[in-house]
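*Asks:* Dumping the structure here so I can ask a few things about it.
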Amino acid sequence: MTIKIQLLGHASFKMKVSDKIIYIDPDGGDDSLYKEKANIILSTHEHGDHSNPKKIALARDEHTRVFTSTKNCNNIKGVVTAIDPGEKQKVEGIIIHGVPGYNVRRFRSPNVPFHPREIQTAFIIEAEGKRIYFAGDTDFIEEMKDLKNIDIAMLPIDGKYTMDPQEAMDAVGVIKPKMVIPMHWRDKDPEKFKLDVEKKYPEIKVIVIKPGEEFEI
């Protein structure tokens, strides 16, 4: 069985796990990219570029399971299941783990981070014998040292609201995934990030997916 990962745009992805469809942080990309109905929708937090009500409505039907942080549940219409760091859910053989993601260096005002610890749940998705880590909007945080046996780490690199490329490379060094997919890059160059990571960690492969493109493992 294969897993296909498509970057819809920004930090929005569609995963195909056998015959199952998972959307992660739906917002980026044209509406047409959300026409396949989801088995699972994952939303890390309440910000519109990670939890777009229109895109969620396009992607779901009456059978779709939607998971998000407790703080974001009331922002999404319909039946939604809360999943917070330390919790897990199992849906049709796919296991979703909630893990931390938050800012410690980036603030909208003094002592007010863009992404406080309590608003967000990042995810580890276990499917087809793989463990895929979706970091959400986060800085390089201590809890990343606890992540084990990660096959793919999907890491933001923009540097304004999340960790920058250097911090993301530091995260790669402690997570030690087999592969890395940069996301949420805004004005940063994912190709340079790829070169820098693969130079420092030649055993780790960086996959740059452009919006609309798909990668298969």
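Values in this text are rule-based calculations from the coordinates and carry no lab data. These figures come from a predicted structure and were not determined experimentally. All Cβ positions, even for glycine, are placed from backbone atoms using ideal geometry, and neighbour counts span all protein chains on display.
*Asks:* Which FRET efficiency value, to the nearest 0.05, is calculated for Asn149 and Glu214 with the Förster distance at 30 angstrom and r the Cβ-Cβ distance?
*Replies:* Numbers: r = 24 Å, r/R0 = 0.81.
Taking R0 as 30 Å, the efficiency between Asn149 and Glu214 is 0.80.
*Asks:* To the nearest 0.05, how large is the calculated FRET efficiency for Glu142 and Lys54 if R₀ is 25 Å and r is the Cβ-Cβ distance?
*Replies:* Taking R0 as 25 Å, the efficiency between Glu142 and Lys54 is 0.10.
*Asks:* Determine ³J(HN,Hα), in whole Hz, for all residues of region 100-116 in sequence, where each value follows from phi through the Karplus function 6.51 cos²θ - 1.76 cosθ + 1.60 and θ = phi - 60°; x replaces Gly and Pro.
*Replies:* x, x, 6, 9, 10, 10, 10, 10, 7, 7, x, 6, 10, x, 4, 10, x
*Asks:* Can you sort Leu58, Leu195 by how many other beta carbons sit within 10 Å, fewest first?
*Replies:* Values: Leu58 18, Leu195 12.
If I rank by nearby Cβ atoms, fewest first, I get Leu195, Leu58.
*Asks:* Testing the spin-label approximation: label points 7 Å from Cα along Cα→Cβ at Glu92 and Asp61. State their distance in nm.
*Replies:* For the pair Glu92/Asp61, the computed spacing is 1.0 nm.
*Asks:* If we count other beta carbons within 10 Å of each Cβ, what is the order of Asp27, Asp19, fewest first?
*Replies:* Lowest count first: Asp19, Asp27.
*Asks:* Just to be sure I follow: if Rg is taken over the C-alpha atoms of region 50-161 and Rh is the Kirkwood radius over the same atoms, what is Rg/Rh?
*Replies:* 0.97
*Asks:* Right, here's the next one. Take region 3-209, drop everything but the C-alpha atoms, weight them equally and run the Debye formula without solvent; then report log10 I(q)/I(0) at 0.18 Å⁻¹ to two decimals.
*Replies:* -1.31
*Asks:* Quick one: Karplus J couplings for region 72-84, per residue in order, coefficients 6.51, -1.76, 1.60, θ = phi - 60°, nearest Hz, x for Gly and Pro?
*Replies:* Result, ordered by residue: 9, 4, 6, 8, 10, 6, x, 7, 9, 10, 6, 9, 10 Hz.
*Asks:* By DSSP, what percent of the beta bridges with both residues in region 125-195 are antiparallel, rounded to the nearest 5?
*Replies:* If I count the DSSP bridges inside region 125-195, around 25 percent turn out antiparallel.
*Asks:* Another question about this same structure. For the chain, what is the calculated [θ] at 222 nm in deg cm²/dmol (nearest 500), taking -39500 (n - 2.57) for each run of four or more DSSP H residues and dividing by its residue count?
*Replies:* Calculated from helices alone, the mean residue ellipticity at 222 nm is -4000 deg cm²/dmol.
*Asks:* Between Lys20, Lys188, Lys199, where does the largest GNM mean-square fluctuation fall for the chain, given springs only between Cα atoms within less than 10 Å?
*Replies:* For the chain, modelled as a Gaussian network with Cα springs under 10 Å, the answer is Lys199.
*Asks:* Which of Gly136, Ile204, His45 sits closest to the plus end of the dipole of region 3-209, meaning its Cα is farthest towards the positive end, when Lys and Arg get +1 and Asp and Glu get -1 on the C-beta?
*Replies:* Ile204
*Asks:* Using only the Cα atoms of region 78-121, build the gyration tensor, take square roots of its eigenvalues as a ≥ b ≥ c, and label the shape rounded, prolate or oblate: rounded if a/c is under 1.5, else prolate if a/b is larger than b/c, else oblate. All intermediate terms of the calculation are to be shown ahead of the outcome.
*Replies:* Values: a/c = 4.29, a/b = 2.49, b/c = 1.72.
The shape class here is prolate.
*Asks:* Amide H to amide H under 5 Å from Val99: which residues, 5+ apart in sequence or cross-chain, H placed 1.01 Å off N in plane?
*Replies:* Those qualifying (amide H under 5 Å, at least 5 residues apart or on another chain) are Gly86, Ala122, Phe123, Ile124.
*Asks:* Continuing with the same structure: Assigning unit charges at the beta carbon (Lys, Arg +1; Asp, Glu -1) and nothing else, what dipole magnitude in debye, to the nearest 20, does the chain show about its Cα centre? Could the numbers behind the result be given before it?
*Replies:* Numbers: 33 positive and 35 negative charges, 22 e Å.
Approximately 100 debye in magnitude.
*Asks:* Further question: Tell me the Rg and the Dmax, in Å, that the Cα atoms of region 1-52 produce.
*Replies:* 10.5, 34
*Asks:* What shape does region 99-182 have by the C-alpha gyration tensor, where a ≥ b ≥ c are the square roots of the eigenvalues, rounded means a/c under 1.5, and otherwise prolate means a/b greater than b/c and oblate the rest? Display every interim value, and only then the final one.
*Replies:* On the way: a/c = 2.31, a/b = 1.71, b/c = 1.35.
Prolate, because a/c is 1.5 or more and a/b exceeds b/c.
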